[in-house]
Amino acid sequence: MSGAREGMLTLSVVNGLERGSFVEALGSVFEHSPWVAEAAWAARPYLSVGALHQAMMDVVRDAPRARLIAFLRAHPDLGTRLAVTPYSASEQAGAGLDRLTAEEYEIFTHLNQTYVERFGFPFILAVKGKSKEEILEAMRTRVNHDAERELAEAVSQIARITGFRLADLVAGE
C-alpha cells in the first residue's frame, strides 16, 4: 500500500466488504445518499479507487431524474449555519465559510435562496482549495445559467467533491 494514511481503507479491504459494511464505510461519501454505495457494491471488485468513484458516479448519473433532484436537494447550502455532515463542515470550514461576517452571511443566504428558487436544489461547488470570494463569484455566475447547464454542473461538482472524499478515505494499492 503506497501513500496510505492511518485510518484509510485499502482498496482490497473495500473490495472484500459485505454489502452492509460497504455501505457503512462508503455511504456518507455521497451526501445523505447511502443508496449510491449500495448500488455500486455489486460491481466489485474495483481495480482502482478511480474505478470505484466512476462506478459510484455512474449510479448518480443513471438515477431517474426525480431521484437525482432529490439527491441534489440533500446537499447543504454553502455558508449555512445549520448542522451539516462532518464532510461538509470540514470542507466549508477549509474555505472559511464557517467564519462569515454578518454581511457575508446575508449575501450567501440571498444567493442560496435565489439559486434554489431558480433551480430547485442548492448551489453545489467543490470548495476545497477555494476562498469565500471565489465561491461567491461562482454563485453569482452560475445563478444565471440555464437549468440543464446548471444540473450538469451540479453533478460535475459532486464528482469533484466525492473524488476528494474517496481519495481521503480509500488508499489504492
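The values are calculated or read from the model by the stated rules, or taken from the named source; none is laboratory data. None of the values given here were measured: they were computed from a predicted structure. Quick reminder, even Gly has a Cβ in these numbers, built from the backbone with ideal geometry, and neighbours come from all protein chains shown.
The residue pairs whose first member lies in segment 110-136 and is more than 21 Å from residue 31 (Cβ to Cβ) and free of Cβ contacts under 8 Å to residues at least 40 places away in the same chain, whose second member is surrounded by 14 or more Cβ atoms within 10 Å (Cβ to Cβ) and hydrophobic (A, V, I, L, M, F, W, C), and whose beta carbons are closer than 6 Å, counting only pairs six or more residues apart or on different chains, are 114/143.
Listed here are the residues, each with its yes/no results for (1) among the hydroxyl-bearing types (Ser, Thr, Tyr); (2) at pLDDT below 95; (3) part of a helix (DSSP H, G or I); (4) in contact with an Asp or Glu (Cβ under 8 Å, 6 or more places away or on another chain).
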{"residue": "103", "(1), (2), (3), (4)": "no, yes, yes, no"}
{"residue": "111", "(1), (2), (3), (4)": "no, yes, yes, no"}
{"residue": "115", "(1), (2), (3), (4)": "yes, no, yes, no"}
{"residue": "127", "(1), (2), (3), (4)": "no, yes, no, yes"}
{"residue": "141", "(1), (2), (3), (4)": "yes, no, yes, no"}
{"residue": "150", "(1), (2), (3), (4)": "no, no, yes, no"}
{"residue": "163", "(1), (2), (3), (4)": "no, no, yes, no"}
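Restricting 171, 154 to residues that are more than 18 Å from residue 36 (Cβ to Cβ), surrounded by 17 or more Cβ atoms within 10 Å (Cβ to Cβ), small (Gly, Ala, Ser) and modelled with pLDDT of 85 or more narrows the list to 171. For segment 116-139, a tally of residues being in contact with a helix residue (DSSP H, G or I) (Cβ under 7 Å, 6 or more places away or on another chain) and not β-branched (Val, Ile, Thr) returns 11.
Total residues in segment 66-76 satisfying the condition of being without any contact (Cβ under 8 Å) to a residue 40 or more places away in the chain and not in a helix (DSSP H, G or I): the figure is 0. Counting the residues of segment 3-29 that are modelled with pLDDT of 95 or more, hydrophobic (A, V, I, L, M, F, W, C) and either in contact with a His (Cβ under 6 Å, 6 or more places away or on another chain) or assigned to a loop (DSSP other than H, G, I, E, B) (or both) gives 1.
Sub-7 Å Cβ pairs linking a first residue in segment 33-46 that is under 25 Å from residue 75 (Cα atoms) and touching a residue at least 40 places away in the same chain (Cβ under 8 Å) to a second residue that is surrounded by fewer than 23 Cβ atoms within 10 Å (Cβ to Cβ) and not small (Gly, Ala, Ser), at least 6 apart or interchain, are 33/71, ordered by first then second residue.
For segment 97-113, give me each residue that is among the polar types (S, T, N, Q) and closer than 16 Å to residue 143 by Cβ. 109, 112, 113 - these are the residues of segment 97-113 that are among the polar types (S, T, N, Q) and closer than 16 Å to residue 143 by Cβ.
Based on this model, can you work out whether residue 63 counts as surrounded by 15 or more Cβ atoms within 10 Å (Cβ to Cβ), in a helix (DSSP H, G or I), modelled with pLDDT of 95 or more and hydrophobic (A, V, I, L, M, F, W, C)? In short, no.
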